[in-house]
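Trainee: Sharing a structure here in structure tokens format.
The values are calculated or read from the model by the stated rules, or taken from the named source; none is laboratory data. All values derive from a computational prediction rather than experimental measurement. Glycine also receives a Cβ, built like all others from the backbone with ideal geometry; neighbour counts cover every protein chain displayed. Just the protein is used for accessible areas: all its heavy atoms, side chains included, with ligands, DNA and RNA removed. Shrake-Rupley method; radii C 1.70, N 1.55, O 1.52, S 1.80 Å.
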Amino acid sequence: MIRLISDTLAGIPQNIARDLHITIIPQYVVIGNRSYRDDTEISTIQLLQFMKNGNRYPQTAAPSPSHYLSIFQEYSNNGDQMLIVAPSAILSGTINSVYTAKKEFPDKDIRIFDTGIIAAPMAAMTVKAARWIKEGKSLDEIMTLLEGLKQSYRAYAILNTLEYLRRGGRIGGAASLVGSLLQIKPILTMGKDRIEPYTKVRTRKKAIEKLFELVIQQCPHNGDVDLCIMQCEAEDDARHLADLLAEKFSVSDIQIYEVSSALIVHCGPGILAVSFFTDPFS
């Protein structure tokens, strides 16, 4: 049996993870001297209140190798193979913990796939891997298919401010926009282990319209391209964009994911993002 493991940076809702038998490892939010699991110990509302009113800015921490050791031991005892769909090794320290834990099981078939991304594209890759496992595909086949997905995703995001990215050191090429945000709303692209500026507009309304245009221009209008939206404190904008896209693509609904608490630390409230694959995959 192939066991699938991911983590909360993907933003996979608990009901979907449960139904697809995906084991989810938590990330951590660190406030002062205390660490909180971002899946059970701190809510989005609590985190946002602290970010707005607290004296110390939160930090994040990757799960330790011990999280994986216990799971690897359990699945190894059952004779299972394992596949870890991991966030970008550059954007997160998670994958280092995975490799450290794997060294304790040198004779076991444990595969690690670095998605090179976080959030919705990572979620889509994980969900597809779960479906391929259910279909009976081998680990070698799934690793090859995941590599194809990694080459074809697109992800774009609107942030209310780049200050959170700057504080967390994840700003990448978007640093060039800091200081000019009073006049513009940047649209960022997430890819190649970096967050880069894609374009900029004058208002949030225009930015949402641009997100819609980008999806229409770049996302195939047929096939399984996993078009989805992620948001934090942007529910109305997310639903409006989802309705527009659902009508344009003639589908009943567009999946909307909530951004995980650990990711909110770096992007802040008001994030609205879209992701999809440029090539349909079965």
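Trainee: Taking the criterion of being at pLDDT 80 or above, within 16 Å of LEU245 (Cα to Cα) and touching a strand residue (DSSP E or B) at 6+ places or on another chain (Cβ under 8 Å), would at least one residue in region 178-193 satisfy it?
Mentor: The answer is no; no qualifying residue exists.
Trainee: Can you tell which of TYR68, TYR57, TYR75 is touching a residue at least 60 places away in the same chain (Cβ under 8 Å) and over 24 Å from THR23 (Cα atoms)?
Mentor: TYR57
Trainee: Can I ask one more? Here is a list: LYS52, LYS103. Which entry is open to solvent by 20 Å² or more (accessible area, probe 1.4 Å), of a type in the set (Lys, Arg), more than 24 Å from the chain's Cα centre (by Cα) and more than 14 Å from SER261 (Cβ to Cβ)?
Mentor: The unique qualifying residue is LYS103.
Trainee: In addition: Could you identify the single residue in ARG167, ARG202 that is of a type outside the set (Val, Ile, Thr), more than 30 Å from VAL251 (Cβ to Cβ), at pLDDT below 85 and within 20 Å of the chain's Cα centre (by Cα)?
Mentor: Matching residue, one of ARG167, ARG202: ARG167.
Trainee: OK, next. Contact list please: Cβ distance under 7 Å, first residue in region 83-98 and polar (S, T, N, Q), second residue buried (at least 24 other Cβ atoms within 10 Å of the Cβ) and assigned to a loop (DSSP other than H, G, I, E, B), pairs at least six apart or on different chains.
Mentor: Within 7 Å, the pairs are SER88/THR115; SER88/ILE117; SER88/ILE118; SER92/ILE118; THR94/PRO87.
Trainee: Among the candidates GLY136, GLY93, GLY116, which residue alone is surrounded by fewer than 21 Cβ atoms within 10 Å (Cβ to Cβ) and at pLDDT below 95?
Mentor: Step by step, each of GLY136, GLY93, GLY116 is checked, and only GLY93 is surrounded by fewer than 21 Cβ atoms within 10 Å (Cβ to Cβ) and at pLDDT below 95.
Trainee: Within region 59-88, track down each residue that is within 19 Å of ASP38 (Cα to Cα), in a loop (DSSP other than H, G, I, E, B) and open to solvent by 10 Å² or more (accessible area, probe 1.4 Å).
Mentor: If the condition is that a residue be within 19 Å of ASP38 (Cα to Cα), in a loop (DSSP other than H, G, I, E, B) and open to solvent by 10 Å² or more (accessible area, probe 1.4 Å), then ALA62, SER64 are the ones that fit.
Trainee: Restricting to region 1-47, name every residue that is among the aliphatic types (A, V, I, L, M), open to solvent by 10 Å² or more (accessible area, probe 1.4 Å) and either within 23 Å of ALA273 (Cα to Cα) or touching an Asp or Glu at 6+ places or on another chain (Cβ under 9 Å) (or both).
Mentor: The answer is MET1, ILE2, LEU9, ILE12, ILE16, ILE24, ILE42, ILE45.
Trainee: Look at region 99-122 and say how many of its residues are touching a residue at least 40 places away in the same chain (Cβ under 8 Å) and not in a helix (DSSP H, G or I).
Mentor: 4
Trainee: I need the full set of residues from region 148-159 which are in contact (Cβ under 8 Å) with a residue 12 or more places away in the chain, surrounded by fewer than 22 Cβ atoms within 10 Å (Cβ to Cβ), of a type outside the set (Gly, Ala, Ser) and touching an Asp or Glu at 6+ places or on another chain (Cβ under 9 Å), in order please.
Mentor: LEU149, LYS150
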